[in-house]
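**Student:** I'd like to ask some things about the structure below.
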Amino acid sequence: MKISDPIKRLPKAELHVHIEGTVVPAMARHKAAQHGITLPDIFTDGQSEYSYCDFVDAVTRVYDAVASTIRTKQDYTDITYDYLKRCAAEKVIYVELIASADHATRVNLTYKDMIDGIVEGILKARAETDIEARINVALVRHLPEAELDRATENILTYRHPYIVGVDLAGAEKEGDVLRHLKYILKIKESSNGELGLKPHASEAAGPINTWHALTMEPQRIGHGVRSIEDPRLVRELARRGTVLEVALTSNDKAGIYPALKDHPLRKLYDAGVKVTLNSDDPGLFNCTISDEYQLAHDRFGFTPPELLGVTRTAVEAAFVDEKTRAKLLKRVDEHDFFPNLTAIGSPQWRPGPG
């Protein structure tokens, strides 16, 4: 996608990206070669993109194959550093990475080594680019109860300061949030409220999952776009100031709506719901956070000032200490929209065709 100069210049932030989903094909092949892994047929003929038959195939067979190449603490450092460096080149100032609390044990790696590896990648990228990043650990909702117990124990036993939030990810089904409430509340209570909450809800399933998620009193909802189907829920989200982590490309790939133009991003925003823009699985879907900002501009009429407001919303909703937040907000506020223009209404700033 061609990124316009105004979008290139905007400071950006994202709150919803799965660490394994950031891995681009070249990195997956590199890691597979390092570990002597033969990958299945998951690449296009040109080898520059992943190949899958539909969204489910992408987030199961292909995602699992890519994740299988990430086996060591150093692997997590490498993929984290690689993604954050790419983000910094797009003027991203802050990222929250989602790490599944169960993945490490699947590749005979300790949970601590996984987290420490990600942290080392964060520190390395920050030292070179000044980008900030933190970690949200996720429980995967479709796992058996024994594995959820183990994942919860992992989270409880290693509290690195860069772990700032808890997520509920995985294959969403209507009404499944309540089944996991005990795990989320146990983690929340053990952290004395220091960890933020941001469960995935109302993406594949309907508004009932966001209603159920609100019983956890989360600050944010992963996706949450099908909340639009319940006007009362939309009003409640706006009243509470609950932030939605919207991922346009991912939602489009998932076929949640007949076409991208049917996505409710603009309707949610206009209704007063706080929204952010996110790439979800950028390596898998061959997208970037800049693409998400450009799509919001081209397809839904978001102006650069509105998009800067979206970045501000993300920073304000970030699970960071107030000193870090103030530093990030300063970078947002220092953005100069119109170095050569005198009015926001200049034609070259109008949204593109929908």
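Every number in this text was worked out from the coordinates using simple rules, so none of it is lab data. Only a predicted model underlies this, so the values are computations on that prediction, with no experimental measurement involved. Reconstructed Cβ throughout: ideal geometry from the backbone, glycine too, with neighbour counts over all protein chains shown.
**Student:** Check 141, 134, 106 and return the single one that is of a type in the set (D, E, K, R), touching a Gly at 6+ places or on another chain (Cβ under 7 Å) and over 16 Å from residue 31 (Cα atoms).
**Tutor:** 141
**Student:** Moving on. What residue, of 296, 317, is closer than 18 Å to residue 167 by Cβ and buried (at least 17 other Cβ atoms within 10 Å of the Cβ)?
**Tutor:** 317
**Student:** Of everything in the stretch 217-255, what is in a loop (DSSP other than H, G, I, E, B) and over 20 Å from the mean Cα position of the chain (by Cα)? Give them in sequence order. Outline the logic, then answer.
**Tutor:** Kept after step one, since they are in a loop (DSSP other than H, G, I, E, B), are these residues of the stretch 217-255: 217-219, 224, 230, 241-242, 247, 255.
Listed by number, the list holds a single entry, 230.
**Student:** If you check every pair at least six apart or on different chains, which have Cβ atoms under 9 Å apart with a residue in the stretch 193-207 that is within 20 Å of residue 264 (Cα to Cα) first and a residue that is of a type in the set (Lys, Arg) and assigned to a loop (DSSP other than H, G, I, E, B) second?
**Tutor:** The qualifying pairs are 199/141; 200/141; 204/173; 205/173.
**Student:** Here's something else I'd like to know. Would you kindly identify the helices (runs of 4 or more DSSP H) lying entirely within the stretch 80-188 that contain at least 1 residues that are under 16 Å from the mean Cα position of the chain (by Cα) and surrounded by 15 or more Cβ atoms within 10 Å (Cβ to Cβ)?
**Tutor:** 111-129
**Student:** Please go through the stretch 44-65 and give me each residue that is crowded, with 17+ Cβ neighbours inside 10 Å and out of contact with any Leu (no Cβ under 7 Å at 6 or more places or on another chain), ordered by number.
**Tutor:** As a first pass, look at the stretch 44-65 and keep what is crowded, with 17+ Cβ neighbours inside 10 Å: 50, 52, 55, 58-59, 62-63, 65.
Those that are crowded, with 17+ Cβ neighbours inside 10 Å and out of contact with any Leu (no Cβ under 7 Å at 6 or more places or on another chain): 52, 55, 59.
**Student:** Only one residue in 273, 234 is crowded, with 23+ Cβ neighbours inside 10 Å, β-branched (Val, Ile, Thr) and more than 18 Å from residue 168 (Cβ to Cβ). Which one?
**Tutor:** Checking each option against the conditions leaves just 273.
**Student:** Condition check: touching a residue at least 24 places away in the same chain (Cβ under 8 Å) and small (Gly, Ala, Ser). Does residue 33 satisfy that?
**Tutor:** The answer is no for residue 33.
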